[in-house]
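Reviewing the structure listed below.
The values are calculated or read from the model by the stated rules, or taken from the named source; none is laboratory data. This structure is a prediction, so every number in the text was calculated from the model and none was measured. We place every Cβ from the backbone using ideal geometry, glycine too, and count neighbours over all the protein chains shown. Remember, those area values only see protein heavy atoms, side chains included, never the ligands or the DNA or RNA. Shrake-Rupley method; radii C 1.70, N 1.55, O 1.52, S 1.80 Å.
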Amino acid sequence: MVIKNSEFVTSAVKSAGYPQSDLPEIAFAGRSNVGKSSFVNKFLNRKNIAKVSKTQGKTKLINFFKVNNEFMLVDLPGYGYANVSKGEQLSWGKMIEGYLNNRGNLKAVFLLCDIRHEPTEDDVMMFNFIIERGFTPFVIVTKADKLAKTKVEPRVDEFKDFFGIENVFAFSSLSGYGRDNLLKLVEEILED
């Protein structure tokens with residue numbers, strides 16, 4: 001897949017705000033400090049299509065991006081950020097759950113984890129939630145550039161063992177490492 005164009009469509013809190021579209025959707029979920037916005041920018045090959053902030057937990061809405069007029073990339077709010085109230089954390093959880101439960105054109109959900117750290121309880125909960133909703137789990141381990149090149153694949157193998165799946169992919173928002181593999185995978189998902 002070659003991404004020729006992408007555009008921000010809308011942000012939403014509830015289903016009433018979701019775009020009226022029958023395009024297939026691929027969603028990305030992860031902790032608030034995992035680098036989701038940087039991932040979206042690099043994946044779409046656009047510098048600032050997703051707002052990157054030095055302050056964690058800034059993505060508080062579900063953001064929809066139309067890609068090649070073929071599919072929607074959906075950036076879900078980051079979870080597990082400690083510096084917000086329990087009430088706000090709960091509302092983000094409900095927002096994510098509402099989206100995953102009710103979006104008929106959702107084709108896949110990718111879980112983003114930081115390659116440098118063990119998956120958290122929240123990551124495991126999200127992973128299990130993805131499976132419970134009937135989706136094949138895919139894990140992207142971000143920030144691969146923060147490790148020596150020789151340590152990236154062994155770390156990917158550790159994530160494969162931890163989650164008990166083969167679908168784990170390393171990614172760097174700085175170098176673009178892993179982008180081609182993910183573009184190919186997304187293309188396969190959309191053709192399926």
note: the range 115-192, Cα-Cα separations exceeding 17 Å make up a percent value of 48
Using the Kyte-Doolittle scale, find the helices of the chain whose mean hydropathy is at least -1.0 and whose Cα atoms extend 20 Å or more along the helix's long axis, counting only whole DSSP H runs. 86-102
(1) 15.4, 47; (2) 21.7, 70; (3) 16.2, 56: which one is Rg and Dmax of the Cα atoms in Å as calculated from this entry? (1)
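What order do K94, K143 take when sorted by accessible area (1.4 Å probe), most exposed first?
K94, K143
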Cα centre as origin, Lys/Arg/Asp/Glu Cβ charges: the chain dipole, Debye: 940
With -39,500 (n - 2.57) per DSSP H segment of 4 or more residues and division by the full residue count of the chain, the 222 nm estimate, nearest 500 deg cm²/dmol, is -11000 deg cm²/dmol
Tell me, what is the percent relative contact order of the chain, built from C-alpha pairs under 8 Å that lie six or more residues apart? 24
Counting only protein heavy atoms and a 1.4 Å probe, tell me what percentage of the chain's accessible area is made up of carbon and sulfur. 47
With label points built 7 Å along Cα→Cβ from the Cα atoms of R133 and L183, find their separation and express it in nm. 2.6
Please give, to one decimal in nm, the separation of the simple spin-label points placed at T150 and S175, each 7 Å out from Cα toward the Cβ. 1.4
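Among the listed pairs K4/K94; K14/K51; K14/K107; K4/K51, which have their C-alpha atoms separated by more than 31 angstrom in this model?
In this structure, K4/K94 exceed 31 Å between Cα atoms.
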